[in-house]
Amino acid sequence: MKAMTAIAARKEKGFTLIELVMVIVILGILAAFALPRFADLSGEAESASVQGAQGAVRSASSIVRSAFLAGQGVDDGSGNISVTLEGEAIAITNGYADASDIADAAQISNEFNPTESGGVTTFTQGGCTFTYTEAGAATPSNAAPIISDVTCS
């Protein structure tokens, strides 16, 4: 009877070397399939970040337009109209935010490298970009500004 309990006790002590090797092989196979799925997420994160900035620009443009239509526009005496958002004066062009001030209205930091030229502000981060074309710059004066889709190279 002692021999039977000794054999039973020995089997319950731990895993065999073959069982441990099989577990390591299975984990290796799972890692080989999972790693490529997570390895290239930086490009998607960059694109999502720029799309978030694009959404902020769209919202800011609508908020500035609403403030202007609500009569909050202030004329500085020389025909330049602006509205104030969170203590920041945003210039108005044809009833919408001016291209030079849209980044301030959207509270976008300089990490998106906003550059304004001829009524068009280009926002770039890494390989992704979008543009804000102010109302009247490349559109009829009564049309809304154009905010392009995000493109990534």
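Rule-based calculations on the coordinates, nothing more; no lab input. Everything quoted here is computed from the prediction, not taken from an experiment. Virtual Cβ from ideal backbone geometry, glycine too; neighbours counted across all protein chains shown.
As an exercise, identify the GluC sites (Glu not before Pro) in the stretch 50-153 lying in DSSP coil whose Cβ has no more than 16 other Cβ atoms within 10 Å.
Of the GluC sites (Glu not before Pro), the ones in loops of the stretch 50-153 whose Cβ has at most 16 other Cβ atoms within 10 Å are 86.
Listing 57, 120, 50 from the residue with the fewest other Cβ atoms within 10 Å to the one with the most, what is the order?
Ascending number of Cβ neighbours within 10 Å: 120, 50, 57.
Normalised by the empirical 2.2 N^0.38 Å for globular proteins, what value does the Cα Rg of the chain take?
2.00
Within 15 Å, Cβ to Cβ, of residue 86, how many net charges do the neighbouring residues add up to if Lys/Arg are +1 and Asp/Glu are -1?
Once all neighbours under 15 Å are counted, the net charge is -3.
Report, to the nearest 10°, how far helix 41-67 tilts away from the longest principal axis of the Cα atoms in the chain, using its own Cα long axis and a range of 0 to 90°.
Taking Cα atoms only, the helix is inclined about 30 degrees.
Rounded, prolate or oblate, given the Cα gyration tensor of the stretch 79-153, with a/c below 1.5 counting as rounded?
Because a/c hits 1.5 or more and a/b fails to exceed b/c, the stretch 79-153 counts as oblate.
Please report, in debye to the nearest 20, how large the charge dipole of the chain is about its Cα centre when each Lys and Arg carries +1 at its beta carbon and each Asp and Glu carries -1 there.
Charge dipole, the chain, about its Cα centre: 1500 debye, nearest 20.
Taking Cα atoms, how many degrees apart are the long axis of helix 2-11 and the longest axis of the chain, rounded to 10 and kept between 0 and 90?
Between the helix axis and the principal axis of the chain, the angle is about 20 degrees.
On a C-alpha basis, how far is the centre of the stretch 18-50 from the centre of the stretch 88-153 in Å? Whole number, if you could?
39
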